[in-house]
1. With point charges of +1 on the Cβ of Lys and Arg and -1 on the Cβ of Asp and Glu, referenced to the Cα centre of region 81-229, which listed residue (Pro123, Leu91, Val105) lies farthest in the positive direction of the dipole?
2. Determine the gain in length on full extension of the stretch Ser107-Glu19; use 0.36 nm per residue of separation and subtract their C-alpha separation, reporting nm with one decimal.
3. Please give the residues of region 115-135, grouped as numeric ranges, whose backbone N is less than 19 Å from a label point set 7 Å along the Cα-to-Cβ vector of Ala57.
4. With N set to the number of residues, divide the alpha-carbon radius of gyration of region 81-229 by 2.2 N^0.38 Å and report two decimals.
5. Out of Ala159, Pro175, His196, whose Cα points farthest toward the positive end of the dipole of region 105-204 (charges: +1 Lys, Arg; -1 Asp, Glu; placed on Cβ)?
6. Round to a whole angstrom and tell me the spacing of the C-alpha centers of region 157-181 and region 46-118.
7. In terms of modelled amide H atoms, which long-range or inter-chain residues lie less than 5 Å from the amide H of Leu77?
8. Could you work out the relative contact order of region 21-75, using alpha carbon pairs under 8 angstrom and six or more residues apart, expressed as a whole percent?
Amino acid sequence: MSTVDWTVWGRQAGEPPAEGLRERKKRLTRQRLSDTATEMFLEHGFDGVRVAEIAQACGVSEKTVFNYFPSKESLILDLDETTMTTLRTGLAVPDRHPIDAVLRVLSDELHGMTSWIAAQDDPVQAAARIRRFRELIRSTPSLRAYHRDMTDRLIDVAAEALAQRTGMSPDDPEPQIAATALLGLWPIQFRSLGRHLESVRTPEQVHEAVTADVRRAARLVETGLASFKALGQPPMPMPATHSEQEQGLPTR
């Protein structure tokens, strides 16, 4: 969940197919702002860098920065529309298990990071840079809060997609808890990546180790979602508690 594209950090991104000159310019400007901000935050700390300084380093105005990013936090953490669309689309497929859809998104994000590490001249220093990025998020209260808000937005997207495939409301308990559990796999990958990057491992080994951790957690979530196909059916009434029986209250 970062605007930093680990596959192109430090080099110019390739031009996507059918991209116009204006779109390409906007994409590269946005990436340059995010990469520059990330480098400055890693060197001086998040609170030690002003948005005006980032703008000056990129040769643009502060207003231009905010035209691309709504807040200082979003310069380093941003909810990419592609991630939201991929998650929404994957979860909406009726015959596809929700776990598979989420694992696909996580795998793509992990591949981007480990591929970037492998492509660097010094993979050890590259891994250290990602660890510093991770620690910056963990140690900065405003970034942690922004990260939680991003997660809540993704949960809303997931709950809406899950509700649609079951004929329920996104506010119903079942889609909400299912979405929350699925999005819980992101911090598992985040922590696992930090842990395995601290040891002397190749990018391929890091990828395998993190994937194994995520899949272990996913198996537990999958157990809880085993009855997901029945979520569209009316819930069975819960038996009344002893106190409710004594008071003559209706069963739930």
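Read-outs throughout are calculated quantities, based only on the coordinates presented, and are distinct from any laboratory measurement. On a predicted model such as this, the values are computed, not experimentally measured, just so you know. Counting neighbours? That spans all protein chains shown, and the Cβs are built from the backbone with ideal geometry, glycine included.
1. It is Pro123.
2. Difference between extended and current length: 29.1 nm.
3. Hits in region 115-135 for Ala57 at 19 Å: 126-135.
4. Values: Rg = 16.3 Å, N = 149, 2.2 N^0.38 = 14.7 Å.
Its radius of gyration relative to the 2.2 N^0.38 Å reference: 1.11.
5. Positive-end residue among those listed: His196.
6. So the separation of the two Cα centres works out to 23 Å.
7. Under 5 Å from the amide H of Leu77: Thr3.
8. Once divided by the residue count of region 21-75, the mean separation gives 34 percent.
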